[in-house]
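Reading through the structure tokens given below for one structure.
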Amino acid sequence: MIRKELCEVIRQTEIADSIFEMTVKGEMVKDIRTPGQFVHVKAAGGYDPLLRRPISISSIDRSKNELTMIYRKEGRGTGLLSEKKTGEAIDILGPLGNGFPLDEAKTGETALLVGGGIGVPPLYELSRQLKAKGVKVIHVLGFQTKDSIFYDSKFESLGETYIATADGSYGAMGFVTDVIRELKLQFDVVYACGPTPMLRAIEQNYQDKKVFLSLEERMGCGIGACFACVCHTTDDPKGFSYKKVCSDGPVFRAGEVVI
Amino acid sequence: MNRLNINLPGLDLKNPIMPASGCFGFGREYSQFYNLDVLGAIMIKAATLEPRFGNPTPRVAETSAGMLNAIGLQNPGAHKILTEELPWLDQYDVPVIANIAGSQEDDYVETARIISQAANVHALELNISCPNVKTGGIAFGTIPDVAKQLTRKVKEVSAVPVYVKLSPNVSNIIEMAKSVEDGGADGLTMINTLIGMRLDLKTGKPILANSTGGLSGPAIKPVALRMIYEVSQKTKLPIIGMGGIQSAEDVVEFFYAGASAVAVGTANFVDPFVCPTIIEKLPSLLDKLGIEHISECTGRSWKRNEQPVNHRA
Ligand SMILES: Cc1cc2nc3c(=O)[nH]c(=O)nc-3n(C[C@H](O)[C@H](O)[C@H](O)COP(=O)(O)OP(=O)(O)OC[C@H]3O[C@@H](n4cnc5c(N)ncnc54)[C@H](O)[C@@H]3O)c2cc1C
Ligand SMILES: Cc1cc2nc3c(=O)[nH]c(=O)nc-3n(C[C@H](O)[C@H](O)[C@H](O)COP(=O)(O)O)c2cc1C
Ligand code: FES
């Protein structure tokens, strides 16, 4: 069930340069099914900004009905969001979309989790749940620069973690895909979230593996009604068949849609 | 007593609130949130004769108090809508107004013939005003004689009354309205979106893949009100008004301007419950304004010899 709910801000912290971690409390936590689902957040009352903002759920605490989001302060919407204080209420629609399928990684297998920038957050809950069911997790996370790195130690506590930065200020310099190749990492399943070129490269490189990609697209409704977020399907790349990132995704099996 | 029911050609509405075309799909998504029976009517997403994929993404961009869209009439085609979407909607006791679009006259006529067969389609909304399709289209919405001719042709085949959706992207909206009235239209719906644009600060290029898109939301409300005010005084046709409606107060304002019913578009994206919320709030707003029945509000802005609204009530 999707709820529209006024959620109370429990805490908000700037955890890296312009990266905010916000925990809210709400009944919708009960309806979250898989890691990688997202919520649609109204950053402020009134008409400016008018539309909601899609933000991934980065972790949940079912016992407290709390969910955590991690977002980068980008433009007006996330800017206003970053000013929210403990105790304030935020209008949130969620949970939305279909997340990463956990069943695809079996107990004893190894899952590679690849994240780029603000694509890293949903991988955290995914990693926790995979580990809990006995899947070995390896993380390869890419960031712009040293100051924008977050959650590195949290990921390390769950499994092997490799960091790359675009400018080389921390970890390996360059792309996450280079890191995976150079380290000759071995794995059974890949879960990835990040910029489209990164997702494309992963899809290309691991055609023989089970790969799941979380896509990003500009959204209107977030629930499948407005057709803002559609993409072509791979079996009919120029035709009329389509998937909606908001309600069919945001996570797709590699090869399912044209990215 | 029902203080909200309205009768219009083909439409026996329990209340004058309906979701606007393209902002509610075919109803399925919103049926997760509430029983669609509460709605006055449903304006479904545009149907074209053949399926369309629409424009590349990004298809939406935000702007102050509004949004731009360039969806490009994505839809599964008239036959699929007739056989898959309309039967699904038939479980609800709600009249459907089917929005139809095309690139040439024959497309419109054939689409109208097909879609108007469905028992739950009580009216057609002839979309001659979509700003987001490249071929044909635009002439139907901007050249009065072309619009008149198209209206006449569609009327000939349609089994149900035909409302024509006017574009605000014209220099003389009254002339357009009168032309489609001459062509035999049963009513008007207005306004469609205003053509606009946003540019990306980093790249300098348009945000929308289509470059331009249709502006909707609260930002266009004054334009819609002005156009309804002008057109309602010059034609006899009933008007279903739309453009930035978010609240019960907005609805009454549209009635004052000259509308007999209203549609809510963009607001559904912000609040999926916006239509039922407005319907629920209207009676107490009418009480506050000292109005018995909502129909009394239509055209109050320009009608003579009207009792002023009792502001002390
Ligand atoms: C499924 C999904 C999950 C996401 N999860 C996260 C997350 O966990 N953390 C995070 O920091 N960001 C996430 N994003 C991106 C986030 O939605 C944008 O950064 C945010 O909308 C920017 O809003 P703004 O007002 O600050 O920026 P502005 O640039 O002012 O926004 C203008 C408009 O563009 C849209 N927009 C801008 N950038 C994006 C983008 N990258 N993707 C989609 N729409 C965009 C906005 O929603 C808004 O409608 C996610 C996006 C999607 C689609
Ligand atoms: C995403 C989107 C899709 C739309 N699609 C259609 C359409 O298919 N046919 C049509 O006649 N109008 C379409 N419209 C226009 C709306 O029906 C309405 O006329 C307009 O948005 C103004 O109302 P609003 O400000 O309440 O949204 C669309 C608008 C939006 C925002
Ligand atoms: S955002 Fe509206 S359909 Fe996906």
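The values are calculated or read from the model by the stated rules, or taken from the named source; none is laboratory data. Note that this is a predicted model, so its numbers are computed, not measured. With ideal geometry, Cβ positions are generated from the backbone for all residues, glycine too; neighbour counts draw on all protein chains shown. The protein model used for the area step is the full one, side chains on, heavy atoms only, and it has no ligands, DNA or RNA in it. Shrake-Rupley method; radii C 1.70, N 1.55, O 1.52, S 1.80 Å.
In the set (1) within 14 Å of chain B (Cβ to nearest Cβ); (2) in a loop (DSSP other than H, G, I, E, B); (3) within 27 Å of A:Phe252 (Cα to Cα), the condition left unmet by A:Leu50 is number (3). If I filter the range A:247-256 down to residues being at pLDDT below 95 and closer than 29 Å to A:Leu51 by Cβ, which single residue comes out as least open to solvent (accessible area, probe 1.4 Å)? The qualifying residue least open to solvent (accessible area, probe 1.4 Å) is A:Gly249. Is there a residue in the range A:10-20 that is under 20 Å from A:Ile118 (Cβ atoms) and free of Cβ contacts under 8 Å to residues at least 12 places away in the same chain? Yes, because at least one residue in the range A:10-20 is under 20 Å from A:Ile118 (Cβ atoms) and free of Cβ contacts under 8 Å to residues at least 12 places away in the same chain.
Looking for whichever is within 13 Å of the chain's Cα centre (by Cα) and not in a loop (DSSP other than H, G, I, E, B) here; the options are A:Ile92, A:Ile70. Which one fits?
A:Ile70
I'd like to know if the range A:24-36 contains one or more residues that are surrounded by 15 or more Cβ atoms within 10 Å (Cβ to Cβ), modelled with pLDDT of 95 or more, charged (D, E, K, R) and in contact with a Ser or Thr (Cβ under 9 Å, 6 or more places away or on another chain). Steps first, answer last, please.
Of the range A:24-36, the ones surrounded by 15 or more Cβ atoms within 10 Å (Cβ to Cβ) are A:24-26, A:28-29, A:32, A:34-36.
Subsequent filtering for residues that are modelled with pLDDT of 95 or more retains A:24-26, A:28-29, A:32, A:34-36.
Next, only the ones that are charged (D, E, K, R) stay: A:25.
Retained after the next criterion (residues that are in contact with a Ser or Thr (Cβ under 9 Å, 6 or more places away or on another chain)): none.
Scanning the range A:24-36 turns up no residue that is surrounded by 15 or more Cβ atoms within 10 Å (Cβ to Cβ), modelled with pLDDT of 95 or more, charged (D, E, K, R) and in contact with a Ser or Thr (Cβ under 9 Å, 6 or more places away or on another chain).
When the criteria are applied in full, B:Ser21 fails the requirement of being surrounded by fewer than 23 Cβ atoms within 10 Å (Cβ to Cβ), of a type in the set (S, T, N, Q), more than 9 Å from chain A (Cβ to nearest Cβ) and closer than 30 Å to B:Gln149 by Cα. Hey, among the residues in the range A:71-116 that are of a type in the set (Ser, Thr, Tyr) and open to solvent by 10 Å² or more (accessible area, probe 1.4 Å), which one's farthest from ligand 1 (Cβ to nearest atom)? Among residues in the range A:71-116 that are of a type in the set (Ser, Thr, Tyr) and open to solvent by 10 Å² or more (accessible area, probe 1.4 Å), the one farthest from ligand 1 (Cβ to nearest atom) is A:Thr107. Do the conditions hold for A:Ala166, that is, is it small (Gly, Ala, Ser), within 14 Å of chain B (Cβ to nearest Cβ) and either in contact (Cβ under 8 Å) with a residue 24 or more places away in the chain or surrounded by 15 or more Cβ atoms within 10 Å (Cβ to Cβ) (or both)? Answer is no for this residue. The set of residues in the range A:209-246 being within 21 Å of A:Val39 (Cβ to Cβ), at the interface with another protein chain (Cβ under 10 Å from one of its Cβ atoms) and open to solvent by 40 Å² or more (accessible area, probe 1.4 Å) consists of A:Glu217, A:Arg218.
Restricting attention to the range B:200-224, the residues that are aliphatic (A, V, I, L, M) and either more than 14 Å from every other protein chain (Cβ to nearest Cβ) or in contact with a helix residue (DSSP H, G or I) (Cβ under 8 Å, 6 or more places away or on another chain) (or both) total 2.
Of all residues in the range A:232-256, those satisfying the criterion of being hydrophobic (A, V, I, L, M, F, W, C) and within 18 Å of A:Ser56 (Cβ to Cβ) are A:Val245, A:Cys246, A:Val251, A:Phe252. Please pick out the residue among B:Thr63, B:Thr57 that is open to solvent by 20 Å² or more (accessible area, probe 1.4 Å) and farther than 23 Å from A:Ile2 by Cβ. Selected residue: B:Thr63, the only one of B:Thr63, B:Thr57 that is open to solvent by 20 Å² or more (accessible area, probe 1.4 Å) and farther than 23 Å from A:Ile2 by Cβ. Taking the range A:235-250 as the range and being in contact with a strand residue (DSSP E or B) (Cβ under 6 Å, 6 or more places away or on another chain) and either touching a residue at least 40 places away in the same chain (Cβ under 8 Å) or more than 13 Å from ligand 1 (Cβ to nearest atom) (or both) as the test, the residues that pass are A:Ser241, A:Tyr242, A:Lys243, A:Pro250.
Kindly indicate whether A:Val41 is surrounded by 19 or more Cβ atoms within 10 Å (Cβ to Cβ), more than 8 Å from ligand 1 (Cβ to nearest atom) and part of a strand (DSSP E or B).
yes
You will find that of A:Leu183, A:Leu199, the residue that is farther than 30 Å from B:Phe273 by Cβ, away from chain B (no Cβ under 12 Å) and within 13 Å of ligand 1 (Cβ to nearest atom) is A:Leu199 and no other.
Give the residue that is nearest to B:Gly183 (Cα to Cα), with candidates limited to residues of the range B:232-258 that are buried (at least 24 other Cβ atoms within 10 Å of the Cβ) and free of Cβ contacts under 8 Å to residues at least 40 places away in the same chain. Spell out the reasoning first.
Keep residues of the range B:232-258 that are buried (at least 24 other Cβ atoms within 10 Å of the Cβ), which gives B:232, B:239-245, B:251, B:254-255, B:257-258.
Those left that are additionally free of Cβ contacts under 8 Å to residues at least 40 places away in the same chain: B:245, B:254.
Details: B:Ile245: 29, B:Phe254: 25 Å.
Looking at the filtered set, the residue picked out is B:Phe254.
Among residues that are within 16 Å of ligand 2 (Cβ to nearest atom), open to solvent by less than 30 Å² (accessible area, probe 1.4 Å) and of a type outside the set (D, E, K, R), B:Val164 is included.
Would you check if there is a residue in the range A:201-213 being of a type in the set (Phe, Trp, Tyr), farther than 19 Å from A:Pro121 by Cβ and in contact with a Phe, Trp or Tyr (Cβ under 7 Å, 6 or more places away or on another chain)? Give the derivation first.
To start, the set of residues in the range A:201-213 that are of a type in the set (Phe, Trp, Tyr) comprises A:206, A:212.
Subset that is farther than 19 Å from A:Pro121 by Cβ: A:206.
Within this subset, residues satisfying the condition of being in contact with a Phe, Trp or Tyr (Cβ under 7 Å, 6 or more places away or on another chain) are none.
No, that holds for no residue.
So that you can scan it fast, the table gives a plain yes or no per residue for (1) among the β-branched types (Val, Ile, Thr); (2) within 30 Å of B:Arg59 (Cβ to Cβ):
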{"site": "B:Pro144", "(1), (2)": "no, no"}
{"site": "B:Glu156", "(1), (2)": "no, no"}
{"site": "B:Ser167", "(1), (2)": "no, yes"}
{"site": "B:Val170", "(1), (2)": "yes, yes"}
{"site": "B:Ala177", "(1), (2)": "no, yes"}
{"site": "B:Asp186", "(1), (2)": "no, no"}
{"site": "B:Thr193", "(1), (2)": "yes, yes"}
{"site": "B:Arg198", "(1), (2)": "no, yes"}
{"site": "B:Lys205", "(1), (2)": "no, yes"}
